[in-house]
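Colleague: Below: one structure in structure tokens.
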Amino acid sequence: MDTSAALRLLEHGRIEVEGRLVDASNATLFCKISLDGVDAQCVYKPVRGERPLWDFPDGTLAGREVATYLISAASFGLVPPTVLRPGPFGTGMVQLWVETREEDELVDIVGVDDVKPGWIPVFHAHDRFGDPAVLVHADHPRIAAMSAFDVVVNNADRKGGHVLHAVDGSVHGVDHGICLHAEPKLRTVLWGWAREPLPDHVLEPLRRLRPALDGELGESLHEHLTRAEVRAVGERVDKLLAAGTYPEPSGDWPAIPWPAF
């Protein structure tokens, strides 16, 4: 399904709740959505099911998911089609469901002697049995793009489970409710390229994104974010482009979300 058809389905389709994703911290419902004989699965997160957070304004997480999608659509194309609309339990975020390769994850925790070629160590720790372990992620061009994208959207919660390897081989990022704060809050498992130069396939979308933020994209973001938050997106892009490298953890706050998956 192409993006325009997916957005039309998400915006106008009939939503039927089929279950709940119980591991999610906020109400996250698995649904069927139908329009004109076309069916698909989607995730629906009603605003009323959002858990209050001390550092993000109440009732803004669904809008932040949509704003993150809009930034992705103008740059890296990593976030599945996402809209804000009425649903069975009130207004919420509705996002196209991604079928994943269950046994082909792109982020993992392995033993220190089990890091395979094509995987990048992030940090060393101990597993639940006390044995040495390593958090790793794939050395994959779309993960490299997601690492930079998370800097742009100031992702405060990039867990390993939020990186999806779809059955068609594509890579997607989900769960962006706590993104786009004006203050630095980056927490991610994708630190493997810290201090390394940004590759061309990452720089080009960043260069394309920057003028869009001063135009129609920026106006669209103002529907979901404060002016300070929209301005901060542009400042983060400018900083990335000026440095030409991936950032490293600042040490001012935890660099990796907990739990990491």
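The values are calculated or read from the model by the stated rules, or taken from the named source; none is laboratory data. Treat the numbers as computed from the prediction; the structure is a model and nothing was measured. When we count neighbours, we look across all protein chains shown, and the Cβ atoms used for this are built from the backbone with ideal geometry, even at glycine. SASA here: full protein model, heavy atoms, side chains in, ligands and nucleic acids out. Shrake-Rupley method; radii C 1.70, N 1.55, O 1.52, S 1.80 Å.
Colleague: Taking T100 and the conditions (1) within 21 Å of A194 (Cα to Cα); (2) modelled with pLDDT under 95, which numbered condition does it fall short on, given that it satisfies the others?
Modeller: (1)
Colleague: Taking the stretch 35-52, which residues are part of a strand (DSSP E or B) and surrounded by fewer than 14 Cβ atoms within 10 Å (Cβ to Cβ)?
Modeller: Selection gives V38, D39, Q41.
Colleague: Of the residues that make up the stretch 56-73, is at least one more than 14 Å from the chain's Cα centre (by Cα), open to solvent by 60 Å² or more (accessible area, probe 1.4 Å) and within 26 Å of W258 (Cα to Cα)? Steps first, answer last, please.
Modeller: Residues of the stretch 56-73 that are more than 14 Å from the chain's Cα centre (by Cα), as a first pass: 56-60.
Cutting the leftovers down to open to solvent by 60 Å² or more (accessible area, probe 1.4 Å) gives us 57-58.
Still in the running and within 26 Å of W258 (Cα to Cα): 57-58.
Yes: one or more hits.
Matching residues to (1) surrounded by 12 or more Cβ atoms within 10 Å (Cβ to Cβ); (2) closer than 19 Å to L198 by Cβ; (3) in the same structural domain as V189 (by the TED database); (4) not hydrophobic (A, V, I, L, M, F, W, C):
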| site | (1), (2), (3), (4) |
| --- | --- |
| G218 | yes, no, yes, yes |
| L221 | yes, no, yes, no |
| T226 | yes, no, yes, yes |
| R231 | yes, no, yes, yes |
| D238 | yes, yes, yes, yes |
| D252 | no, no, no, yes |
| I256 | yes, no, no, no |
| A260 | yes, no, no, no |
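Colleague: Could you give me the residue pairs with C-beta distances under 8 Å whose first residue belongs to the stretch 11-24 and is in the same structural domain as F89 (by the TED database), whose second residue is of a type in the set (S, T, Y) and surrounded by 12 or more Cβ atoms within 10 Å (Cβ to Cβ) wherever it lies, and which are 6+ apart or on separate chains?
Modeller: Filtered contacts from the stretch 11-24: G13/S34; R14/S34; I15/Y44; E16/S34; V17/Y44; R20/T28; L21/T28.
Colleague: Shifting gears a bit: Got a sec? Which strands (runs of 3 or more DSSP E) wholly within the stretch 53-129 have at least 3 residues that are of a type in the set (F, W, Y) and in contact with a helix residue (DSSP H, G or I) (Cβ under 6 Å, 6 or more places away or on another chain)?
Modeller: Values: elements: 82-85, 92-96, 107-111, 119-126.
Where strands (runs of 3 or more DSSP E) fall fully within the stretch 53-129, none carries at least 3 residues being of a type in the set (F, W, Y) and in contact with a helix residue (DSSP H, G or I) (Cβ under 6 Å, 6 or more places away or on another chain).
Colleague: I've got another one for you. Collect the residues in the stretch 160-185 that are part of a loop (DSSP other than H, G, I, E, B), within 12 Å of the chain's Cα centre (by Cα) and under 22 Å from D108 (Cα atoms), keeping them in residue-number order. Reasoning before the result, please.
Modeller: Looking only at the stretch 160-185, we keep the residues that are part of a loop (DSSP other than H, G, I, E, B), and these are 167-170, 174-185.
Still in the running and within 12 Å of the chain's Cα centre (by Cα): 174-180.
Scanning the stretch 160-185 gives V174, D175, H176.
Colleague: Tell me, which residue of the stretch 130-177 that is open to solvent by less than 20 Å² (accessible area, probe 1.4 Å) and among the charged types (D, E, K, R) is nearest to E103 (Cα to Cα)?
Modeller: R158
Colleague: Could you tell me which residue of the stretch 11-33 is farthest from V230 (Cα to Cα), considering only residues that are small (G, A, S) and open to solvent by less than 30 Å² (accessible area, probe 1.4 Å)?
Modeller: Restricting to residues being small (G, A, S) and open to solvent by less than 30 Å² (accessible area, probe 1.4 Å), the top hit is G19.
Colleague: Touching a His at 6+ places or on another chain (Cβ under 7 Å), open to solvent by 10 Å² or more (accessible area, probe 1.4 Å) and either over 13 Å from I256 (Cα atoms) or in a strand (DSSP E or B) (or both): is that true of L203 in this structure? Write out each step before concluding.
Modeller: Working: touching a His at 6+ places or on another chain (Cβ under 7 Å): no; open to solvent by 10 Å² or more (accessible area, probe 1.4 Å): yes; either over 13 Å from I256 (Cα atoms) or in a strand (DSSP E or B) (or both): yes.
No; evaluated as a whole, the condition is false for this residue.
Colleague: Mind checking which pairs have a first residue in the stretch 55-80 that is in the same structural domain as S147 (by the TED database) and a second that is open to solvent by less than 10 Å² (accessible area, probe 1.4 Å) and part of a helix (DSSP H, G or I), Cβ under 6 Å, 6 or more apart or different chains?
Modeller: Every condition considered, no pair remains.
Colleague: In the set V22, V17, which member is farther than 30 Å from R210 by Cβ, touching a Pro at 6+ places or on another chain (Cβ under 9 Å) and among the β-branched types (V, I, T)? Lay out the reasoning, then the answer.
Modeller: Values: V22 fails: touching a Pro at 6+ places or on another chain (Cβ under 9 Å).
None of the other options fit; the residue is V17.
Colleague: Name the residue, out of L78, L7, that is open to solvent by 20 Å² or more (accessible area, probe 1.4 Å) and under 24 Å from R208 (Cα atoms). Quick ask: steps written out before the conclusion?
Modeller: Numbers: L78 fails: open to solvent by 20 Å² or more (accessible area, probe 1.4 Å).
Just a single option satisfies the conditions, and that option is L7.
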